[in-house]
Amino acid sequence: MAEGLLRHYAGQRFEAFSAGTEPGSLHPLAVRAMGKLGIDISSQSPKSVDGFLSQDFDSVVTVCDQAKESCPVFPGAAQQLHWSFEDPSRAQGSEEERLEVFRRVRDEIMVRIRQFVPEPPSEKSGGRGTWGHR
């Protein structure tokens, strides 16, 4: 969800990648939660973090505590951050109750992304910003 939200919110200003320490399959409730915002993540595919270790990044962000504990250090990352979110795939209850957890976590991630990503310069200011997290 974080990759889809960053792509949606930051557009061409950032290049977003998502990977896991134990990638499985894309959770259907994540797809549904994002679809409610008009963001289609159904074409995203789970990838292993191992495939990204040799790449340089401005920022690497882990988004759940389990990932922080098992995520390797990225030697080419300018900064490595951790944002603590509940893992919605571990939610219990009915499908609707679990979907609500995905929606809540999605919204929490969106708040953090909006804090992290600078607003683009306005047309009125004539500014064309350079955004370093690509």
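The values are calculated or read from the model by the stated rules, or taken from the named source; none is laboratory data. Predicted model, so just to flag it, every value in this text is computed and none were measured. Here the Cβ is made from the backbone with ideal geometry for all residues, glycine too, and neighbour counts use every protein chain on show.
Test Gly4 against the criterion of being within 17 Å of Arg112 (Cα to Cα) and crowded, with 16+ Cβ neighbours inside 10 Å, and give yes or no. So Gly4 fits the description; yes. For the range 49-70, the criterion of being basic (Lys, Arg), farther than 20 Å from Gly11 by Cα and surrounded by 13 or more Cβ atoms within 10 Å (Cβ to Cβ) is satisfied by at least one residue.
Across the range 86-101, a minimum of one residue is classified as part of a loop (DSSP other than H, G, I, E, B), among the polar types (S, T, N, Q) and surrounded by fewer than 18 Cβ atoms within 10 Å (Cβ to Cβ).
Of all residues in the range 35-92, those that are in contact with a His (Cβ under 9 Å, 6 or more places away or on another chain), among the charged types (D, E, K, R) and modelled with pLDDT of 85 or more total 1.
Those residues that are of a type in the set (D, E, K, R), in a loop (DSSP other than H, G, I, E, B) and over 18 Å from Asp58 (Cβ atoms), I need them from the range 1-47; list them, please.
Glu22, Lys36, Asp40, Lys47
On the stretch given as the range 10-42, residues that are among the small types (Gly, Ala, Ser), buried (at least 17 other Cβ atoms within 10 Å of the Cβ) and more than 13 Å from the chain's Cα centre (by Cα) total 1.
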